[in-house]
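The values are calculated or read from the model by the stated rules, or taken from the named source; none is laboratory data. The structure displayed is predicted, hence computed values, not measured ones. Methodologically, a virtual Cβ is constructed for each residue, glycine included, from the backbone with ideal geometry; neighbour enumeration extends over all protein chains shown.
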Amino acid sequence: MKILVTGGAGFIGSAVVRLAISRGHQVVNLDALTYAACLDNLASVADSPNYFFEQADIRDRAAVDRVVSEHAPDAIMHLAAESHVDRSIDGPEDFVDTNIKGTYNLLEAARGYWASCGKPDGFRFHHISTDEVFGSLPDDPALLFTEDTPYDPRSPYSASKAASDHLVRAWHETYGLPVVLSNCSNNYGPYHFPEKLIPVTILNAIGGKPLPVYGDGSNIRDWLYVEDHADALLLVVEKGRIGRSYNIGGGNERSNIELVRTLCAILDELRPKADGSYADQITFVTDRPGHDARYAIDASRIRRELGWTPAVTLEDGLRKTVEWYLNNEAWWRPLQQRKGVGVRLGEKV
Ligand SMILES: NC(=O)c1ccc[n+]([C@@H]2O[C@H](COP(=O)([O-])OP(=O)(O)OC[C@H]3O[C@@H](n4cnc5c(N)ncnc54)[C@H](O)[C@@H]3O)[C@@H](O)[C@H]2O)c1
C-alpha cells in the first residue's frame with residue numbers, strides 16, 4: 001500500500017513511518033518541519049526506496065493538493081498537528097490554523113483526488129486524534145471513555161482536535177469520503193520531544209534540575225508505548241470499518257506523581273546519584289489552567305473487532321524509554337535549544 005503520512009517527522013508519525021516501511025509499505029511523509037519535528041527520527045528509513053519526503057505545510061492548500069495528486073496514495077494517515085497543550089494555552093491561533101484549517105485542506109485535497117480516481121472503495125482517510133476530546137473523567141475506575149462518549153474538550157488543543165474530528169465525520173456523511181478515526185491516550189517512548197512530561201522528567205533528573213509536577217500531581221493519564229500505537233494505527237487504516245472510530249489505550253492509568261516516582265526509581269537503578277534519590281528533585285509547581293483530572297480509555301472495540309493488543313507493558317516500556325534517553329544524548333541535546341523548550345509555558349492566562 002502507498003500511504004501518505006502527515007506529520008511523519010514528529011513523535012508518533014515517525015514511529016508509524018518506521019513501522020510501515022518495515023512492513024513493506026511505500027510511505028510519503030508530508031511534514032512542515034515545525035519546532036516539534038526531527039528528521040533524525042527517520043534516519044533508519046531515510047535511504048529506503050520506499051520512503052519519500054515532502055516538506056509541505058497543511059495550511060497551504062495548493063501544496064497539499066500537489067503532494068496528494070503527485071503521489072496518488074492508497075491511504076492518507078493524518079497525524080500532523082500542533083500537539084502541546086501548554087503551547088495551546090499561550091498561542092491558540094496556531095492550533096486553530098493547523099489542526100482545524102489544515103485538516104480541512106487535507107480533507108478537500110483527499111476528496112478531490114478520490115473523486116478524480118472514480119471514488120475507489122479501497123481508499124482510506126485515517127484521522128489520528130486524541131482521548132482529550134472527551135474531556136475529563138472523575139476518579140472512578142468504572143468510568144472510561146468509549147467511542148460513544150460525548151465530546152467535551154476543555155483546552156484549545158483538545159478543542160481544535162475535536163473540531164477536526166467533526167470535520168472528518170462530516171466529510172464522510174456528506175461526501176461519502178471513506179474515513180476512519182482513532183482516539184488514543186498518552187503515548188510515550190523513544191523520540192518523544194523533550195517538552196513532554198516523561199522526557200522532561202528523565203532529562204531534568206540527569207541534568208540535576210527540578211522535576212516539575214503540576215498541581216498536586218494527582219491528574220491521571222493512561223499511557224501507551226508509541227510502537228504499540230503505531231501498530232494499532234496500521235491495523236485501523238488497513239482493516240478499520242469505514243466511518244467508524246476506534247479508541248486506543250494501554251489500560252495503564254497512573255497519576256502524574258506516581259509516573260514521575262516510577263521514572264525516578266528506574267533512574268536510581270540505571271544511573272544512581274552519588275547520594276539520595278532522583279525523587280528528591282521533585283518540585284510541585286502551579287497547576288495548568290483547566291487541567292483535566294483523569295483520562296481513561298475503553299479500548300475494547302479495537303481489541304474485539306480488529307484483534308489488537310499492546311505488546312509492551314508500562315513497566316517494560318518506561319525502562320526501555322529511560323534507557324533510550326540515557327543512550328541517545330546526541331538526539332535530545334540539540335532539541336533542548338529549540339524555542340520554548342525548558343521554559344514553563346501555559347501557566348498564566
Ligand atoms: N502525543 C500523544 O500522546 C498523542 C496521543 C493521542 C493522539 N495524538 C495525536 O497524534 C498526532 C501526532 O502527535 P505527536 O505527539 O507525534 O505530535 P508531534 O508534535 O511530535 O509531531 C507533529 C508533527 O506534525 C508536523 N506539523 C505540525 N504542523 C504542521 C503543518 N501545519 N503542516 C505540516 N506538518 C505539520 C510537525 O512538524 C511534527 O513533525 C497528533 O495529531 C496528535 O493530536 C498524540
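Of all the residues in the stretch 284-295, those that are buried (at least 18 other Cβ atoms within 10 Å of the Cβ) and either part of a strand (DSSP E or B) or free of Cβ contacts under 8 Å to residues at least 12 places away in the same chain (or both) number 1. Listed by position, the strands (runs of 3 or more DSSP E) enclosed by the stretch 1-96 that each have at least 2 residues that are within 15 Å of the ligand (Cβ to nearest atom) and under 17 Å from the mean Cα position of the chain (by Cα) are 2-6, 26-31, 75-78.
When ASN186 is tested against the conditions (1) within 13 Å of the ligand (Cβ to nearest atom); (2) touching a helix residue (DSSP H, G or I) at 6+ places or on another chain (Cβ under 7 Å), the lone failure is (2). Is it true that LEU19 is surrounded by 18 or more Cβ atoms within 10 Å (Cβ to Cβ), in contact (Cβ under 8 Å) with a residue 12 or more places away in the chain, under 18 Å from HIS126 (Cα atoms) and not hydroxyl-bearing (Ser, Thr, Tyr)? Taking the combined requirement at face value, the residue satisfies it. Pairing residues of the stretch 61-77 that are under 16 Å from HIS127 (Cβ atoms) with residues that are part of a helix (DSSP H, G or I), at Cβ distances under 6 Å and at least 6 apart in sequence or on separate chains, gives VAL64/ASN105; VAL64/LEU106; VAL64/ALA109; VAL68/ALA109; VAL68/TYR113; ALA75/VAL237; ILE76/ALA110; MET77/VAL237.
Scanning the stretch 324-337 for residues that are surrounded by fewer than 16 Cβ atoms within 10 Å (Cβ to Cβ) and farther than 23 Å from VAL213 by Cβ returns ASN327, ASN328, GLU329, ALA330, ARG333, PRO334, GLN337.
Of the helices (runs of 4 or more DSSP H) that lie entirely inside the stretch 296-346, those containing 2 or more residues that are farther than 14 Å from ILE266 by Cβ, at pLDDT 95 or above and within 19 Å of the chain's Cα centre (by Cα) span 329-335.
Looking across the stretch 233-256, the residues that are part of a helix (DSSP H, G or I) and crowded, with 18+ Cβ neighbours inside 10 Å come down to LEU233, LEU234, LEU235, VAL236, VAL237, ASN256. Among the residues making up the stretch 130-152, a single one is in a loop (DSSP other than H, G, I, E, B), touching a residue at least 24 places away in the same chain (Cβ under 8 Å) and touching a helix residue (DSSP H, G or I) at 6+ places or on another chain (Cβ under 7 Å): GLU147.
Check whether at least one residue in the stretch 209-222 is within 14 Å of the ligand (Cβ to nearest atom) and either of a type in the set (Phe, Trp, Tyr) or not in a strand (DSSP E or B) (or both), and report yes or no.
No, the conditions are met nowhere in the stretch 209-222.
Looking at (1) buried (at least 23 other Cβ atoms within 10 Å of the Cβ); (2) more than 9 Å from the ligand (Cβ to nearest atom), find the lone condition where SER155 falls short. With respect to (1) buried (at least 23 other Cβ atoms within 10 Å of the Cβ); (2) more than 9 Å from the ligand (Cβ to nearest atom), SER155 is out only on (1).
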